[in-house]
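A short worksheet on the structure shown next.
Every read-out reported here was derived from the displayed coordinates using simple, explicitly stated rules and does not represent laboratory data. What you see is a predicted model, and the numbers here were worked out from it, not measured in a lab. Quick reminder, even Gly has a Cβ in these numbers, built from the backbone with ideal geometry, and neighbours come from all protein chains shown.
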There are 4 protein chains.
Amino acid sequence: MRKIVGVMGKGNLATAFEIDQAYQLGRLIGENGWVLLTGGRNVGVMDAASRGAKSVGGLTIGILPGKDKTGVAKAVDIAIVTDLGNSRNNINVLSSDIIITCGIGTGTASEIALALKNNRKVILLAPDKLTTNFFTSLAPEQIFIVDNPQDGINLVKQFLENGDI
Amino acid sequence: MRKIVGVMGKGNLATAFEIDQAYQLGRLIGENGWVLLTGGRNVGVMDAASRGAKSVGGLTIGILPGKDKTGVAKAVDIAIVTDLGNSRNNINVLSSDIIITCGIGTGTASEIALALKNNRKVILLAPDKLTTNFFTSLAPEQIFIVDNPQDGINLVKQFLENGDI
Amino acid sequence: MRKIVGVMGKGNLATAFEIDQAYQLGRLIGENGWVLLTGGRNVGVMDAASRGAKSVGGLTIGILPGKDKTGVAKAVDIAIVTDLGNSRNNINVLSSDIIITCGIGTGTASEIALALKNNRKVILLAPDKLTTNFFTSLAPEQIFIVDNPQDGINLVKQFLENGDI
Amino acid sequence: MRKIVGVMGKGNLATAFEIDQAYQLGRLIGENGWVLLTGGRNVGVMDAASRGAKSVGGLTIGILPGKDKTGVAKAVDIAIVTDLGNSRNNINVLSSDIIITCGIGTGTASEIALALKNNRKVILLAPDKLTTNFFTSLAPEQIFIVDNPQDGINLVKQFLENGDI
């Protein structure tokens, strides 16, 4: 079975920095032969990570909230159509062997919280102090902080080598 | 249609203080003739709020995560069986006209985040500083802080009188 | 905990006969003090059963497919907002102690099949021959046929007296 | 975006004939370069179709009902973990560009009905008379009958060439 890395972050409100970081993450995930999973929409972090992974021939999954493929990112290979609205966020985290986040919003916060609730590890990429402190206080052993995409990927490799995920 | 107030908080890990606050909330919700909605399990805040509401003859709904009524709180009148696991958290917040939280954990954090994502107002009862700051930073106009159950209920009344919910 | 009877059938395409039968079912469910559960929309069988139950002061639950209360039947007391689209059909049947159907369409067929899959009993009210034969062939011990609303209600009473539901 | 063909049928109760047919379907789907989607469990039609697709190097998706990968078919490449129980049946059909069924049970019947409700085409492979008649009566323009796996695949090709799916 293929290993799946989920990348999560804001849609329309993502910053240029977050979009760049997401693209780098996607590219590195593709280069490592892992499958990229995102929320599948053609905006923000989801779109950028998918483009990054496709730029190196990676495989990309998008878990869509709507009832059809309207608004899917062009770089998504496999669209899973849920018609679950925000309940699909729980599928995003359950289906990911590990989650990396880029930036924070209400949707991303729900995904981090659901990931922790479901005993998943979450890597926060360049988070603000408040996000770090809040989620670390909830589940200190499941939250990991990295400064740049490469460090995030190195952490995923280490977890895989140790059989932690 | 009946107005529904959701009370959310920890299950097994709820503190004695939180359980007491949840009981008071449930009682006040029942006294005001609103319907109480919780996650429905027979532990922690869900159980206490339901008991509080029943103590004054209120109507209680429990949105259960499992595939049957196993583990439902005794004070739940109407059990909605979802078999959705933690995806049911999104139904908890969508079905509540307003949400009041007692304490914080990963499940409750997911509910607050999903409520904000879905444009619901959330009243945090006696939250710690970190929880207040984190969620206020995400959605300042949707987060309200109160010190005690009666103040929470007064805020709900005010929202209803103003047609805000 | 209150006993819940689910009434399911077509929405916009319901016939006048089915709407009349659904109204009678709702009225009888209300008179017996059971809670009525439907898909909650303001059309067809859902709407008619809810009106029937309210006409005698019964309590009515509507499990809505959308992300808010748009299109809810006026006679629904408690709206459960799921944003699950047709996945909410599984919640309809899991939350009902027993299901009675009025007429058949693709949505109702999915509910009967899901009810059988989840080991629920289903009473088909005045079904056509094909519907009877198809579902009886799938789960002969869970399908019951009645000719009129009163006979359906009598069957529910008998199941309750025998502790079958 | 990759085209996805869903193959659905019984789990533990599948017959040897159905398992053989499912294997052939999976193999042909893989040979055509389409993605195979199933319910993902290591039994019956889901397992056989996945093995067939993998035997020719096809890509296989499994949409699992549980909260982790327990019980996943070995031939599944990408496991989507839903924790939705039977509500995941709606995701199976929404995510498939077209559905082919092998045999009939309550779960498969729910998937056919949900597929029709969501305006999907469904190809019934060697169905019994009752299944054919029942679903044809519900949605005559969406139900197609074939006698063997190759004819089913030919129909999918034709739909794709005509832009029907």
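Simple rule: put +1 on each Lys or Arg Cβ and -1 on each Asp or Glu Cβ in chain C, find the dipole, and look at C:Ala14, C:Leu64, C:Leu28; the Cα lying farthest toward the positive end is C:Leu64.
Placing +1 on each Lys and Arg Cβ and -1 on each Asp and Glu Cβ, with no other charges, gives the range B:16-165 a dipole about its Cα centre of roughly 380 debye.
When a/c reaches 1.5 or more, the comparison of a/b and b/c decides; with that in mind, is the range A:93-165 rounded, prolate or oblate per its Cα gyration tensor? Oblate, since a/c reaches 1.5 and b/c is not below a/b.
Stokes-Einstein at 10 °C, 1.306 mPa s, Kirkwood radius from Cα pairs: D for the range B:18-130 in µm² s⁻¹? In µm²/s, the coefficient rounds to 115. DSSP assigns beta bridges within the protein assembly as shown; of those with both partners inside it, close to 5 percent run antiparallel. Taking the charge dipole of the range D:77-165 about its Cα centre, with +1 at Lys and Arg Cβ atoms and -1 at Asp and Glu Cβ atoms, the residue from D:Ile100, D:Asn162, D:Pro149 reaching farthest to the positive side is D:Ile100. Over 29 Å apart at the Cα level, from the set C:Lys10/D:Lys3; C:Lys10/D:Lys74; A:Lys69/A:Lys129; A:Lys10/D:Lys67; A:Lys10/A:Lys54, are C:Lys10/D:Lys3; C:Lys10/D:Lys74; A:Lys69/A:Lys129.
Taking a Cβ cut-off of under 14 Å around C:Ile123, the surrounding Lys, Arg, Asp and Glu residues balance to a net charge of -3, with basic ones at +1 and acidic ones at -1.
Highest mobility in the GNM of chain A, judged by mean-square fluctuation with C-alpha springs under 10 Å and restricted to A:Glu31, A:Glu18, A:Glu141, is found for A:Glu141.
Counted by Cβ distance under 9 Å from C:Lys74, the other residues give a net charge of +1, where Lys and Arg count +1 and Asp and Glu count -1.
The rotation axis taking chain B to chain C passes closest to the C-beta of one chain B residue; that residue and the distance in whole Å read B:Ile80, 3. Decide, for the protein assembly as shown, between rounded, prolate and oblate: order the square roots of the alpha carbon gyration tensor eigenvalues as a ≥ b ≥ c, take rounded if a/c falls under 1.5, and otherwise choose prolate if a/b is larger than b/c, else oblate. In terms of gyration-tensor shape, oblate. Sorted shortest first, the distances from the B:Thr70 label point to those of the same residue in the other copies are 1.0, 3.9, 4.0 nm; each point sits 7 Å from Cα along Cα-to-Cβ. Placing a label point 7 Å from Cα along the Cα-to-Cβ axis, A:Asp128 is separated from the same position in the other copies by 2.0, 5.9, 6.2 nm, shortest listed first. For the range B:1-70, the C-alpha radius of gyration divided by 2.2 N^0.38 Å, with N the number of residues, is 1.01. Between copies, B:Phe159 shows label-point distances of 3.5, 3.7, 4.5 nm, shortest first, with the point placed 7 angstrom from Cα along Cα to C-beta. For the range C:96-165, trypsin sites (Lys or Arg not before Pro) meeting the loop criterion (DSSP other than H, G, I, E, B) and having at most 13 other Cβ atoms within 10 Å: none.
The label point for C:Lys3 and the one for D:Leu130, both projected 7 Å from the Cα toward the Cβ, are 2.9 nm apart. The separation of the range B:54-91 from the range D:1-55, counted between C-alpha centres, amounts to 37 Å.
Listed by number, the DSSP H helices of chain C that run 20 Å or longer by alpha-carbon position along their axis and have mean Kyte hydropathy of at least -1.0 are C:16-31. The DSSP beta bridges internal to chain A are antiparallel in roughly 5% of cases.
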